[in-house]
Structure formats: C-alpha cells, structure tokens
Amino acid sequence: MEGGSHGLSEYSIGFMKRILQLGILLPVVFAGSGYDQAGAADYATISSLFENRCTRCHSAKEPDGELVLESYPRLMKGGESGKVIAPGKSDKSLLVHMIEGRKGVRAMPPGRNRSRLKPDEIKLIRDWIDAGAKPPMGGKSKLQSPNSK
C-alpha cells in the first residue's frame, strides 16, 4: 500500500470524486428544472399550467366559484365550495375531482367549447399535491399575467 492509497487506484479515486460532484450538482439541476428533488412538479410549473389553462375564469377579477388560481395563498384558500387542495392527498382534493370530471362534481373546465386538461397535465397537478402542494420557492406566489393586475 504505497503512497497511502489504501488499495484504491487513481481511477477509483477519480470515480469517487465524480460521484461526489454529481451529488453536489443534482440539487442545482433540479432547482431549475420545474421539478423538486423527489421528482414532483414545483409550484412554478403548476402556476404556469393554471395561467395557461385556468385563469381565464379563475383570476382575481370576477373568479368563477370564488376560486382564484393566480397565487398560492388564494389557491390554498379555496373558493365557495371550500378548500380545493388537500396537501399530500390528491385523491381527496376537490380540484383533482373537478379537473378529472368525477361523477357528482362539476367538471372543469365546463362547456363543450373548452378543452379539458390532458392526462399529463392532471398528473403534474396530482404529483404536486401528493408531494405536499409546497409553496413557491423564493416567495414568489403571484402569477405574472395580464389577468393578475
């Protein structure tokens, strides 16, 4: 065991250094990806989806059902039907019941001329809720859209 290598080759030491670097860099990669470290969508991804698909009717200006989807606090407050998010429990979340169009619940969006959310969009919302419906990183909770003025 020369040079204090304890039987490790230079290749092994280099490999271990790369593994350590990867462990340090992965959180940085996830931070900008729209997903948290557990692989669930982050609030920025969810709010973008709401902005593109929901705020036509659920903005602070005359929100349908008093449900505003423009900010995290207003989303978590819910609407006239009560809270719509049960953190950690997408199956118990009224929002999921509505976007999936479950029996006995008003399907969202309503009407024939509006397209329903796609399965992958619903999965993003479900995954975010199941991961705890965490608030936005960095404190930014309001969408930047024409409807949010």
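Coordinate-derived values only; no laboratory data. In this text, all values refer to a predicted model and were calculated from it rather than measured experimentally. Cβ: placed from backbone, ideal geometry, glycine included. Neighbour counts: every protein chain shown.
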Item checked: Amide H within-cut-off set for T55, under 5 Å, with H built and near neighbours excluded -> none
Checklist line | Sequence-distant residues sharing a close amide H with G79 (under 5 Å, placed H) | finding: V84
Check: Roughly how many Å is it from the Cα centre of region 51-99 to that of region 100-119, as a whole number?
Finding: 14 Å
Margin query: Going by average Cβ density within 10 Å per residue, which order do the peptides 78-86, 103-111 take, highest to lowest?
Written below: 78-86, 103-111
Next item on the list: Provide the packing ranking of 55-62, 68-75, i.e. peptides ordered by the mean count of other C-beta atoms within 10 Å per residue, highest first.
Entry: 68-75, 55-62
Item checked: 13 Å Cα-Cα reach of K134 towards aspartates and glutamates, excluding residues that sit fewer than 8 places from it in its own chain -> D36, D42
Notebook entry, point to check: Using θ = phi - 60° and the Karplus form 6.51 cos²θ - 1.76 cosθ + 1.60, what ³J(HN,Hα) does each residue of region 123-133 get, whole Hz, x for Gly and Pro?
Noted result: 4, 4, 5, 4, 4, 4, 5, 4, 7, x, 6
